[in-house]
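Novice: If you scroll down you'll find the structure; I have some questions about it.
The values are calculated or read from the model by the stated rules, or taken from the named source; none is laboratory data. The shown structure was predicted, so the numbers you read here are calculated from the model rather than taken from an experiment. No Cβ is skipped: glycine too gets one built from the backbone with ideal geometry, and neighbour counts run over all protein chains shown.
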Amino acid sequence: MSEFQIMRNILSATGIYDISRGEPEYAEIMAYAEGLDMLFDEVEEMFRECFVATAESYGLTYREGWIKKYNLDRSVDGRRNLIIKTLSVCQTDYTYSGMKKISDSFNINGNFHAHTSPLKVTFECTDDLTNSQKNIIENQMKRFMPCWLPFEFILV
């Protein structure tokens with residue numbers, strides 16, 4: 001039911017107002033209803049943008065601004081997945097499964113390998129990336145790796 005119908009039903013029930021077409025009260029309530037409909041639409045959009053799972057525009061842009069990660073998938077679902085996966089990474093994710101979680105948060109495919117001599121971890125990316133994309137993602141992935149462990153990003 002529209003806001004106009006709700007107000008019309010409530011005010012008509014009092015018996016004080018004649019809310020029929022052509023009457024001044026009809027036009028006044030119609031104007032109020034238009035304003036309320038616009039306001040409720042904005043509130044509904046705000047609620048949608050507050051949650052990553054339902055956000056479609058500025059809610060995603062806002063969170064991407066403080067995550068500061070390069071995303072290969074610019075679709076709404078890809079943007080949501082990047083945010084959700086990034087927020088799920090925690091300080092205990094320095095195992096292979098945790099590192100896989102980190103690579104998944106960048107929406108890239110590949111495998112991690114540990115090397116003992118010299119001690120380092122490599123990520124062999126199987127996606128087709130440009131050198132510029134590779135450099136951006138490599139620098140961003142380094143922020144999630146232990147600072148004492150050398151990390152190398154390789155395009156296969």
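Novice: All but one of (1) within 26 Å of V156 (Cα to Cα); (2) out of contact with any strand residue (DSSP E or B) (no Cβ under 8 Å at 6 or more places or on another chain) hold for T122, so report the exception by its number.
Specialist: Every condition holds for T122 apart from (2).
Novice: From the list E28, E49, E44, pick out the single residue that is in contact with a helix residue (DSSP H, G or I) (Cβ under 6 Å, 6 or more places away or on another chain), assigned to a helix (DSSP H, G or I) and at pLDDT 85 or above. I'd like the intermediate steps shown before the answer.
Specialist: Working: E28 fails: in contact with a helix residue (DSSP H, G or I) (Cβ under 6 Å, 6 or more places away or on another chain); E44 fails: in contact with a helix residue (DSSP H, G or I) (Cβ under 6 Å, 6 or more places away or on another chain).
From the options E28, E49, E44, the qualifying one is E49.
Novice: Among the residues that make up region 69-83, is at least one of them in contact (Cβ under 8 Å) with a residue 60 or more places away in the chain and of a type in the set (D, E, K, R)? Break it down stepwise before answering.
Specialist: As a first pass, look at region 69-83 and keep what is in contact (Cβ under 8 Å) with a residue 60 or more places away in the chain: 69-70, 72.
Pick out the ones that are also of a type in the set (D, E, K, R) and you get 69.
Yes; the residues of region 69-83 include at least one that is in contact (Cβ under 8 Å) with a residue 60 or more places away in the chain and of a type in the set (D, E, K, R).
Novice: If you don't mind, there's one more thing I want to ask. Kindly indicate which of D93, D104 is in contact (Cβ under 8 Å) with a residue 24 or more places away in the chain and either more than 30 Å from A55 (Cβ to Cβ) or not hydrophobic (A, V, I, L, M, F, W, C) (or both). Give the steps one after another, and end with the answer.
Specialist: Values: D104 fails: in contact (Cβ under 8 Å) with a residue 24 or more places away in the chain.
Sole residue among the options that is in contact (Cβ under 8 Å) with a residue 24 or more places away in the chain and either more than 30 Å from A55 (Cβ to Cβ) or not hydrophobic (A, V, I, L, M, F, W, C) (or both): D93.
Novice: So in region 60-70, with the set limited to residues that are part of a helix (DSSP H, G or I) and in contact with a helix residue (DSSP H, G or I) (Cβ under 9 Å, 6 or more places away or on another chain), which one is surrounded by the fewest Cβ atoms within 10 Å (Cβ to Cβ)? Give the derivation first.
Specialist: In the first step, residues of region 60-70 are kept if they are part of a helix (DSSP H, G or I); the result is 60-67.
Those left that are additionally in contact with a helix residue (DSSP H, G or I) (Cβ under 9 Å, 6 or more places away or on another chain): 60-64, 67.
Numbers: L60: 17, T61: 11, Y62: 14, R63: 19, E64: 15, I67: 14.
Among those that are part of a helix (DSSP H, G or I) and in contact with a helix residue (DSSP H, G or I) (Cβ under 9 Å, 6 or more places away or on another chain), it is T61.
Novice: For region 71-92: of the residues being touching a helix residue (DSSP H, G or I) at 6+ places or on another chain (Cβ under 8 Å) and buried (at least 17 other Cβ atoms within 10 Å of the Cβ), which is nearest to M145 (Cα to Cα)?
Specialist: T86
One line per residue, one yes/no per condition, for (1) among the acidic types (D, E); (2) in the same structural domain as N135 (by TED's automatic domain parsing):
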{"site": "E25", "(1), (2)": "yes, no"}
{"site": "I29", "(1), (2)": "no, no"}
{"site": "V43", "(1), (2)": "no, no"}
{"site": "W66", "(1), (2)": "no, yes"}
{"site": "I83", "(1), (2)": "no, yes"}
{"site": "T86", "(1), (2)": "no, yes"}
{"site": "T92", "(1), (2)": "no, yes"}
{"site": "K100", "(1), (2)": "no, yes"}
{"site": "D104", "(1), (2)": "yes, yes"}
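Novice: Can I ask one more? Filter region 120-156 down to residues that are closer than 12 Å to K69 by Cβ and exposed (fewer than 14 other Cβ atoms within 10 Å of the Cβ) and give me whichever is modelled with the lowest pLDDT.
Specialist: Here the answer is R143.
Novice: Checking Y17 against (1) surrounded by 11 or more Cβ atoms within 10 Å (Cβ to Cβ); (2) hydroxyl-bearing (S, T, Y); (3) part of a helix (DSSP H, G or I), which test does it fail?
Specialist: (3)
Novice: Name the residue, out of S117, S103, that is among the hydroxyl-bearing types (S, T, Y) and surrounded by fewer than 16 Cβ atoms within 10 Å (Cβ to Cβ).
Specialist: Result: S117 is the single residue among S117, S103 that is among the hydroxyl-bearing types (S, T, Y) and surrounded by fewer than 16 Cβ atoms within 10 Å (Cβ to Cβ).
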